[in-house]
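Just below is one structure, and these are the notes that go with it.
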Amino acid sequence: MGDINKGKEKVIEGVAGLSEKQLEEEIPLMAGPYPHKIGLYAYVGELFHHRGQIAFIRGTVKRLKERDPDFLK
């Protein structure tokens, strides 16, 4: 979690430092050139998506360990 929090801080600092002109600047993405802000939006969406997956896995493991203390030993 420490690495995730450090990464989050760097992303927030980086995004906060972008000008409107930089956000509108086109960058190459898989589907073609898009404004930088679209790429950032997709990136943040991926972070939320994977954070949800991690929370799901952690919750599932916790519940399984409650039922079976030897789970994953």
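None of the figures in this text is laboratory data; all of them are computed from the coordinates on show. What you see is a predicted model; the values in this text were computed from it and never measured. Using ideal geometry, Cβ is built from the backbone for each residue, glycine included, and neighbour counts are taken over all protein chains shown.
Treat the count of other C-beta atoms within 10 Å as a stand-in for reagent exposure and order 73, 62, 37 from fewest to most. Before the final figure, lay out the partial values.
On the way: 73 6, 62 10, 37 16.
Going from least to most buried by this count: 73, 62, 37.
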For the chain, the Cα-Cα pair-distance distribution in 5 Å bins from 0, as whole percents, is 3, 13, 15, 16, 14, 11, 8, 6, 5, 5, 2, 0
Measuring from the longest principal axis of the C-alpha atoms of the chain, the long axis of helix 36-67 (C-alpha) lies at a number of degrees, nearest 10, equal to 0
Place a point 7 Å from the Cα of residue 13 in the direction of its beta carbon; the residues of the stretch 36-73 whose amide N falls under 14 Å from it are none
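Taking R0 as 22 Å, what FRET efficiency do you get between residue 47 and residue 25 from their Cβ-Cβ distance, rounded to the nearest 0.05?
On the way: r = 22 Å, r/R0 = 0.98.
Computed FRET efficiency for residue 47 and residue 25 comes out at 0.55.
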